[in-house]
Amino acid sequence: MLIETKQLTKKFGGLVAVNEVDFTIEKGKINAIIGPNGAGKSTFFNLLSGSHLPTSGQVIYKGKDVTKLSPNKMAELGVARTFQTTHLFEESTVLDNVIVGHRLRTKSNLWDAVLRTPRFKREERKCREKAMEVLDFVELTHVMDQQAGSITQEEKKRVAFALALATDPEVVFLDEPTAGINPGETEGLAELMEKMVQRNITVCLIEHKMKMIMKLADKIMVLNYGEKIAEGTSDEIMNNPAVIEAYLGGDASA
Ligand SMILES: Nc1ncnc2c1ncn2[C@@H]1O[C@H](COP(=O)(O)OP(=O)(O)OP(=O)(O)O)[C@@H](O)[C@H]1O
Ligand SMILES: [Mg+2]
């Protein structure tokens, strides 16, 4: 077990977005979180990656309490994430997007980057090597010199993966990594997630595409109105009456 949440809760005013969730993320596996719109999935990710402070409860990473750590601190410890929407600098090249994105996330010194100080240039060289390495991993070397605005939607998703991988994470959180792309392209991204696991990177993803997730995930948690209503393998989830009722609505083919 790599990450554990204990009674993790996030309230926004009167709304309980995440409600006393106990969950474990298994090392070297593909862990998935599913649930209807507004179920609290992204909020749960925000709590795990340090973007939100929980109202109560704990996040334990490799046996240590990391509940109150910032996203940068979490990144240093090996936790990376993608966002539901990836904003790229459309006029810049794919390579520069990964270099700059990586720097902003890790060093968080915007002015160094904007003013291109000597320190920035030195570190940029290192970042460039890392960026080339992760772009190779996500199979985008052939478009790295193109403007980010000119690549396909699926390639943009791969850039998001590359941004997360640039910090050498032990675990990556992917928030709807295949949203808005077609089934053939989804397959390619699923293979990429399997490739991450083969490289010893633990994957945790939020996904709406049921067919894909049932095939891909080793373990699934179902959230509904902020509460965990089920947890288990694909088979266990598909046959769980509470899940069918709350989420699938009787249609598992979506
Ligand atoms: N920063 C915020 N302030 C107030 N309410 C929020 C905030 N973030 C999320 N919420 C609310 O918390 C609930 C859970 O939202 P969340 O984005 O976590 O859901 P989700 O499961 O990721 O949904 P989707 O599948 O649509 O992405 C929703 O009711 C949402 O409106
Ligand atoms: Mg979401």
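The values are calculated or read from the model by the stated rules, or taken from the named source; none is laboratory data. It should be emphasised that the depicted structure is a prediction, and the values quoted were computed from it without experimental measurement. Here the Cβ positions follow ideal geometry from the backbone for every residue, glycine too, while neighbour counts run over all protein chains shown. Just the protein is used for accessible areas: all its heavy atoms, side chains included, with ligands, DNA and RNA removed. Shrake-Rupley method; radii C 1.70, N 1.55, O 1.52, S 1.80 Å.
Here are some notes:
- Rounded to the nearest 10 degrees, the inclination of helix 153-165 to the longest alpha-carbon principal axis of the chain is 80 degrees.
- Over the chain, DSSP H runs of length four or greater, each weighted -39,500 (n - 2.57), average out per residue to a 222 nm ellipticity of -11000 deg cm²/dmol.
- The gain in end-to-end length when the Glu139 to Glu26 segment is fully stretched comes to 38.0 nm, 0.36 nm per residue minus the alpha carbon separation.
- The chain - convex hull of the alpha-carbon atoms, volume per residue in Å³: 125
- Remark: the chain carries a charge dipole of roughly 1080 debye about the Cα centre, counting +1 on each Lys and Arg Cβ and -1 on each Asp and Glu Cβ.
- In this label model, Lys211 and Thr233 are separated by 2.3 nm, measuring between points 7 Å along each Cα→Cβ vector.
- In this simple spin-label approximation, Arg119 and Lys195 carry label points 7 Å from Cα along the Cα→Cβ vector, and these lie 3.5 nm apart.
- Angle in degrees between helix 183-198 and the longest Cα principal axis of the chain, rounded to the nearest 10: 80
- Taking chymotrypsin sites (Phe, Trp or Tyr not before Pro) across region 61-106, the ones in a DSSP loop with at most 15 further Cβ atoms lying within 10 angstrom of their Cβ are Phe89.
- Relative to one another, the C-alpha centroids of region 203-246 and region 22-99 are positioned 19 Å apart.
- Rounded accessible area per residue of the chain, 1.4 Å, Å²: 48
- Carbon and sulfur %, accessible surface of the chain computed with the full protein complex present, 1.4 Å: 50
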